[in-house]
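The structure appears right after this line, and notes come after that.
The values are calculated or read from the model by the stated rules, or taken from the named source; none is laboratory data. Predicted model, so just to flag it, every value in this text is computed and none were measured. Heads up, the Cβs are rebuilt from the backbone with ideal geometry, glycines too, and the neighbour counts pull from every protein chain shown.
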Amino acid sequence: MDMKFRHTLLKSPYEELIHPHLYRVRDNLFLVQFKVMKVLPALNIVRRAMDRGEINQDSLVVDTSSGTFALGLALVCHHFKLKLKIVSDPALDKNLKTRLEDLGAHVVVVIEPDEQGNYQSKRLQVVKQIVEENKNAFWCNQYDNTDNMQSYGLIADLIAEKIGAQVSLVGAVGSGGSTSGIMQALRDRDSDSKMVAVDTFGSVLFGLTDSKRELRGLGNSVIPKNLKHDLYDEVHWVSARLAYSWTRNLHRKHAIYAGGTTGACYGVADFLSRNSPDETFVFIGPDDGVRYMETIYNDDWLRENQLILPNHELTEPQGCIGPWDVCGSSYDWAFMKWNRKSAL
């Protein structure tokens, strides 16, 4: 087989990061895999704000994140030579913090959680304080800024072109931007497209009580405006230890080295696609596995933190009538039919 390099001269590293790879995992199962998906909304939010005159070269860009949105925003602000302040919490690993600071970001870490053991509300308080104290600050507000959601139309275009618009999309929900944005654009083409949300226990997004979350990168303690509940057909809640097990299985079986949110989506999509062989499923991979070498891909760390599943493999979720069946449970995996309700 002849091998040739395909190369394109890029103006900035972020240009590569906004273009995902599309993998066929099985006959009816596809993966849209990013290195850093959140570069896409960060770029759209900053560009649109610059176009509107809300950001200039002296502006301070601000937002809250403990993961890939922070990295995406740092890459974009580095490219445009903009000042950036990120408000985060102890979930921000030291390697990512160093990378953000190398890119020029000022990182503020909120140490004390709220009464439920989460940091989201405290982080938002700090962001609002920073904005009040800086007249030329621009708050990206990834949870409520519609420029986040609208940036994902490009991914819907890719899915529709390469696979078709009538698919069942499986995606993790945090800000709601990616899943709501992609599904809205797919429904504009085919109203029969289905949306399966992957959330975690302790997240309020689909009706659970706010409590401490072990699985990060999805879920939330607030309801973002970018989360359009009436786009979703089904919701799955997944524990950290199950998501990490699926993440490792994705690597072992398919050599795809991804993060925990990708693993959570893979497990759900794998189950659904096997049980519905006539449907086409696409799951979203928000980032690669590089950040998780010392955690998810470290057996000693998993044991020390009691994040290894018992020997028996969990093969199907616990069906629930509503979120009240999930709250306070010890499930590793639960689901309910959402049926495109606007809210509970």
Out of the stretch 169-219, which residues are part of a helix (DSSP H, G or I), within 15 Å of E234 (Cβ to Cβ) and aliphatic (A, V, I, L, M)? M183
Where a residue in the stretch 148-176 is at positive phi and of a type in the set (A, V, I, L, M) and its partner, wherever it lies, is surrounded by fewer than 24 Cβ atoms within 10 Å (Cβ to Cβ) and not in a loop (DSSP other than H, G, I, E, B), with Cβ under 7 Å and at least six apart: none
Return a yes/no flag: does the stretch 99-119 have any residue that is in contact with a strand residue (DSSP E or B) (Cβ under 9 Å, 6 or more places away or on another chain), part of a helix (DSSP H, G or I), crowded, with 17+ Cβ neighbours inside 10 Å and aliphatic (A, V, I, L, M). yes
Scan the stretch 27-69 residue by residue and report those that are over 16 Å from L84 (Cα atoms) and touching a strand residue (DSSP E or B) at 6+ places or on another chain (Cβ under 9 Å). N28, L29, F30, L31, V32, Q33, F34, K35, V36, M37
Restricting attention to the stretch 168-195, the residues that are farther than 21 Å from V36 by Cα, buried (at least 24 other Cβ atoms within 10 Å of the Cβ) and touching an Asp or Glu at 6+ places or on another chain (Cβ under 8 Å) number exactly 1
I'm trying to understand the selection: among the residues of the stretch 183-207, which are among the hydroxyl-bearing types (S, T, Y) and under 29 Å from D114 (Cβ atoms)? T200, S203
Index of the failed condition, D210 passing every other in (1) in contact (Cβ under 8 Å) with a residue 60 or more places away in the chain; (2) more than 18 Å from E115 (Cα to Cα): (2)
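Could you list, in sequence order, the residues of the stretch 317-343 that are in a helix (DSSP H, G or I) and either of a type in the set (S, T, N, Q) or surrounded by 17 or more Cβ atoms within 10 Å (Cβ to Cβ) (or both)?
Taking the stretch 317-343 first, the residues in a helix (DSSP H, G or I) are 323-325.
Of everything in the stretch 317-343, just one residue is in a helix (DSSP H, G or I) and either of a type in the set (S, T, N, Q) or surrounded by 17 or more Cβ atoms within 10 Å (Cβ to Cβ) (or both), namely P323.
Determine whether the stretch 134-143 contains at least one residue that is surrounded by fewer than 16 Cβ atoms within 10 Å (Cβ to Cβ), in the same structural domain as H21 (by TED's automatic domain parsing) and either assigned to a strand (DSSP E or B) or not small (G, A, S) (or both). Show your work before the answer.
In the first step, residues of the stretch 134-143 are kept if they are surrounded by fewer than 16 Cβ atoms within 10 Å (Cβ to Cβ); the result is 134-136.
After this cut, where a residue has to be in the same structural domain as H21 (by TED's automatic domain parsing) as well, the list is none.
No, because not a single residue in the stretch 134-143 is surrounded by fewer than 16 Cβ atoms within 10 Å (Cβ to Cβ), in the same structural domain as H21 (by TED's automatic domain parsing) and either assigned to a strand (DSSP E or B) or not small (G, A, S) (or both).
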Counting only residues in the stretch 38-96 that are charged (D, E, K, R) and either on the phi > 0 side of the Ramachandran plot or in a strand (DSSP E or B) (or both), the one nearest to the chain's Cα centre (by Cα) is identified as D63
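Tell me whether the stretch 118-141 contains one or more residues that are polar (S, T, N, Q), in contact with a helix residue (DSSP H, G or I) (Cβ under 7 Å, 6 or more places away or on another chain) and under 27 Å from L231 (Cα atoms).
Of all residues in the stretch 118-141, those polar (S, T, N, Q) come to 118, 120-121, 125, 129, 134, 136, 141.
Filter again for in contact with a helix residue (DSSP H, G or I) (Cβ under 7 Å, 6 or more places away or on another chain), leaving none.
The answer is no; no qualifying residue exists.
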Can you find a residue that is of a type in the set (D, E, K, R), assigned by TED's automatic domain parsing to the domain that holds A165 and either touching a Lys or Arg at 6+ places or on another chain (Cβ under 6 Å) or surrounded by 13 or more Cβ atoms within 10 Å (Cβ to Cβ) (or both) anywhere in the stretch 273-286? yes
